[in-house]
Amino acid sequence: MKFSLTLLLFFITQLTFAQLPKGFVYAQDSLPDLKVELRYCYDNNFVGEQIDGYVNEVVITTAQTVEALKKVQADLKVDGFTLKVFDAYRPQRAVNHFVRWAKQVNDTMMKTQYYPKVNKRNLFKEGYIASKSRHSSGSTLDVTIVNLETGEELDMGSPYDFFGPESWVSNTNLTKKQIANRQRLQKVMLKNGFRNYSQEWWHFTLKNEPLKNQYFDFLVE
């Protein structure tokens, strides 16, 4: 039996979407202005290598998270800004990769850039590394704000994934502009249904997340 080109494309589309478990979506399909820089797809991260489970730079979240992000984007675009996503859904195998790395206390290749003042032995105790992550439930994101036209990031006073008090939400040892930029991010995310994490200015989880305490391990692809 011969298939038409239209029918063949339909089946290919269905197979593509079937890769995601029920409740998950590709955020970029609904948010074309979203900027994306998935650090864990490459070696520009605190481990210094591509992280297990990251195949392509695609933002995967729960459907409810995307709906909340639409409201965030609408607010930001009024002033000429948009979100940049550093991480969203994170496979459990990636979390396991972080745990293995953290236990290798002599591997400090990226210490100067990402955790200069934190003893690697204390990463678990101080809450920077854990065996489970809210990211694996699909409703947590790491984000910043960028200029919609130029893609330039707002100055938040510390880089993404920087381990230390400099990245805490409560940090006030910043310039007025950096404080204002952080407040802009916190305000727009909290207003539209997210809660923050006190030690990372970039980290937000959807309130009433639909798959809470369910930790998935499918690939980011």
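Observations, loosely collected:
- With DNA, RNA and ligands ignored, accessible area of Y128 (1.4 Å probe; Å², nearest 10): 20
- Max-minus-min Cα coordinates of region 100-181 on each principal axis give 41, 31, 24 Å, with the largest extent listed first.
- Reachable aspartates and glutamates, given that their alpha-carbon falls under 18 Å from the alpha-carbon of K117 and they are not under 8 places away in the same chain: D107, E126, D161, E166, E200
- Using a cut-off of 24 Å between Cα atoms, the listed pairs K35/K70; K70/K187; K22/K187 include K22/K187 as exceeding that distance.
- When +1 charges are put on Lys and Arg Cβ atoms and -1 charges on Asp and Glu Cβ atoms, the dipole computed for region 94-221 relative to its Cα centre reaches about 600 debye.
- Secondary structure note: in the chain, about 85% of the DSSP beta bridges are antiparallel.
- When every Cα-Cα distance of region 144-221 is counted in 5 angstrom steps from zero, the calculated P(r) takes the values 3, 14, 20, 21, 17, 13, 8, 3, 0 percent.
- Between 0 and 90 degrees, the angle of helix 5-17 with respect to the longest Cα principal axis of the chain falls at about 30 degrees.
- Among D142, D33, D87, the residue with the largest mean-square fluctuation in a Gaussian network model of the chain, with springs joining Cα atoms closer than 10 Å, is D33.
- Principal-axis tilt of helix 176-191 within the chain, Cα atoms, nearest 10 degrees: 40
- Descending principal axes extents, the chain, alpha-carbon based, whole Å: 67, 44, 32
- Descending semi-axes in Å of region 49-131, equivalent ellipsoid built from Cα gyration tensor: 31, 16, 12
- Mean ellipticity per residue at 222 nm, deg cm²/dmol - from DSSP H runs of n ≥ 4 across the chain, formula -39500 (n - 2.57): -9000 deg cm²/dmol
- Size of region 122-166 as Cα extents on the principal axes (Å, biggest first): 39, 26, 9
- A straight Cα-to-Cα reach below 12 Å connects K177 with the aspartates and glutamates D155, residues fewer than 8 places away in its own chain not being considered.
- Kirkwood Rh and Cα Rg combined as Rg/Rh, region 78-126: 1.13
- Using alpha-carbon coordinates, inclination of helix 63-78 to the longest axis of the chain, degrees: 70
- Heavy-atom accessible area per residue - the chain, 1.4 Å, Å²: 52
- Of the residues Y128, Y114, L141, the one whose Cα sits farthest towards the positive end of the charge dipole of region 77-158 is Y128 (charges of +1 on Lys and Arg Cβ, -1 on Asp and Glu Cβ, taken about the Cα centre).
The values are calculated or read from the model by the stated rules, or taken from the named source; none is laboratory data. Please read all numbers here as calculations on a predicted model, not as lab measurements. Glycine also receives a Cβ, built like all others from the backbone with ideal geometry; neighbour counts cover every protein chain displayed. Accessible surface is based on the protein model in full, side chains and every heavy atom, while ligands, DNA and RNA are left aside. Shrake-Rupley method; radii C 1.70, N 1.55, O 1.52, S 1.80 Å.
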